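The values are calculated or read from the model by the stated rules, or taken from the named source; none is laboratory data. Please read these numbers as outputs of a predicted model, since none were measured by experiment. Methodologically, a virtual Cβ is constructed for each residue, glycine included, from the backbone with ideal geometry; neighbour enumeration extends over all protein chains shown. What goes into the accessible areas is simple: the full protein's heavy atoms, side chains included, and nothing from ligands, DNA or RNA. Shrake-Rupley method; radii C 1.70, N 1.55, O 1.52, S 1.80 Å.
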Amino acid sequence: MSVTIYDVAKHANVSMATVSRVVNGNPNVKPATRDKVNRAIEELNYRPNAVARGLASKKSTTIGVVIPDISNIYYGQLTSGMEDIANMYNYQTLFATSDFNKDKEIAIMESFISKQVDGIIFLGGMIFDETKALIKSSNIPVVVAGTLPDNDDIPTVNIDYFDASYHVVKELIHRGHRSFSLIMGDREVKSNQLMIEGIQKALKDNALNDINLIIDQSFGYDVAYTKVHQVNIEETDIVLTQTDEQAVAALQYFTDHDIKVPDDIQILSFIDSKLLHMVRPDISAVEQPLYDIGAVGMRLLTKFMLNETVDEKHVKLPYTIQYRKPTK
């Protein structure tokens, strides 16, 4: 006869609700009580049946998470905040990596739908039209965190990309900078479009020439390194990068070619993940609250899944600008 949650509760001399909180990782359990329940679980060899729980509640208690690149620190920091909130609400997460590939993204979405997940969260990347059609037809709540789809149908959590790029360039101009290059990925991504628009407006408002755009479909380190040579050192004060990997690639390229940072040229990134603190000199950045973006994105998703009131479908979190040695 299989061991039940009732057996564990009786063995540990606690309520079934307490056992449930321990099993689901709820932090609101005293350490001594948690240890007592875990000992009972081990002694009785109790194995919670997630499928049975889902059938009883008509919920799978699972959330599908689409990550474009699991090796990127940026997505790891988004995931950290997201996971904490998922655990708080007793949801398990199913992770899948799309590698920015349309076919993989569609296959992931179809797999999540077939598994009857309660919600799906996209952490960055681009959402393809075919995926949007699946989202619309599935009636599964979806939230995007760390990027923007090209319409307002899907709830989002981000910073204000236009405002951030406008204000950082405006401040850099006031610091004496007059010529800019921007290294970025796919221009079709809405957040990238807003970033370019913000930069161009700041330049126009200050009667300066347009920015030198260096664009590629990819935005990883290797591709960025091969593109940095397009920066005209004689005509560029500062290189802006969409991602931290691009910023590190630019720093490495300049170092390899005896171009001194910040004396000959300067660098600023638009993310500020932990990666920037692993290189020397530290790289300046628009600091996005990555943990908070993931956490708020997951909390917004739980509101939809639990039919709670949602006051704002598109959440914009505050950003800060961190000036470090590579930026005077």
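List the number of the failed condition for LEU268; all other conditions in (1) part of a loop (DSSP other than H, G, I, E, B); (2) of a type outside the set (Phe, Trp, Tyr); (3) buried (at least 22 other Cβ atoms within 10 Å of the Cβ) hold.
LEU268 satisfies every listed condition except (1).
Answer yes if at least one residue in region 192-203 is touching a residue at least 60 places away in the same chain (Cβ under 8 Å) and surrounded by 22 or more Cβ atoms within 10 Å (Cβ to Cβ), and no otherwise.
Taking every residue of region 192-203 in turn, at least one turns out to be touching a residue at least 60 places away in the same chain (Cβ under 8 Å) and surrounded by 22 or more Cβ atoms within 10 Å (Cβ to Cβ).
In region 59-90, which residue that is among the small types (Gly, Ala, Ser) and either at pLDDT below 90 or within 19 Å of ILE108 (Cβ to Cβ) (or both) is surrounded by the fewest Cβ atoms within 10 Å (Cβ to Cβ)?
This residue is SER71.
Using the structure shown, decide if ALA133 is of a type in the set (Gly, Ala, Ser) and open to solvent by less than 50 Å² (accessible area, probe 1.4 Å).
no
Among the residues of region 297-314, is any crowded, with 19+ Cβ neighbours inside 10 Å and assigned to a strand (DSSP E or B)?
No.
Against the conditions (1) assigned to a helix (DSSP H, G or I); (2) at pLDDT below 95; (3) surrounded by 16 or more Cβ atoms within 10 Å (Cβ to Cβ), where does PHE254 fall short? Just the number, please.
For PHE254, the failing item is (2).
Which members of region 136-160 meet the condition of being open to solvent by 20 Å² or more (accessible area, probe 1.4 Å) and not polar (S, T, N, Q)?
Selection gives LYS136, ILE140, PRO141, LEU148, ASP150, ASP152, ASP153, ASP160.
Please work out which residue is most open to solvent (accessible area, probe 1.4 Å), limiting yourself to region 6-28 and to residues that are among the hydrophobic types (A, V, I, L, M, F, W, C) and more than 29 Å from the chain's Cα centre (by Cα).
This residue is MET16.
Can we say GLU188 is open to solvent by 60 Å² or more (accessible area, probe 1.4 Å), over 19 Å from ASP244 (Cα atoms) and part of a helix (DSSP H, G or I)?
It is false that GLU188 is open to solvent by 60 Å² or more (accessible area, probe 1.4 Å), over 19 Å from ASP244 (Cα atoms) and part of a helix (DSSP H, G or I).
I'd like the full set of residues that are open to solvent by 50 Å² or more (accessible area, probe 1.4 Å) and either among the basic types (Lys, Arg) or in a loop (DSSP other than H, G, I, E, B) (or both), limited to region 91-127.
Answer for region 91-127, where residues must be open to solvent by 50 Å² or more (accessible area, probe 1.4 Å) and either among the basic types (Lys, Arg) or in a loop (DSSP other than H, G, I, E, B) (or both): ASP99, PHE100, ASN101, LYS102, LYS104, LYS115, GLN116, MET126.
Can you name the residue in region 207-230 that is within 13 Å of GLU245 (Cα to Cα), part of a helix (DSSP H, G or I) and not hydrophobic (A, V, I, L, M, F, W, C) and, of all such residues, is most open to solvent (accessible area, probe 1.4 Å)?
Per the stated criteria, the residue is ASP222.
Does region 207-233 hold any residues that are closer than 22 Å to VAL168 by Cα and modelled with pLDDT of 90 or more, and which are they?
Passing the criteria: ALA207, LEU208, ILE211, ASN212, LEU213, ILE214, ALA224, VAL228, VAL231, ASN232, ILE233.
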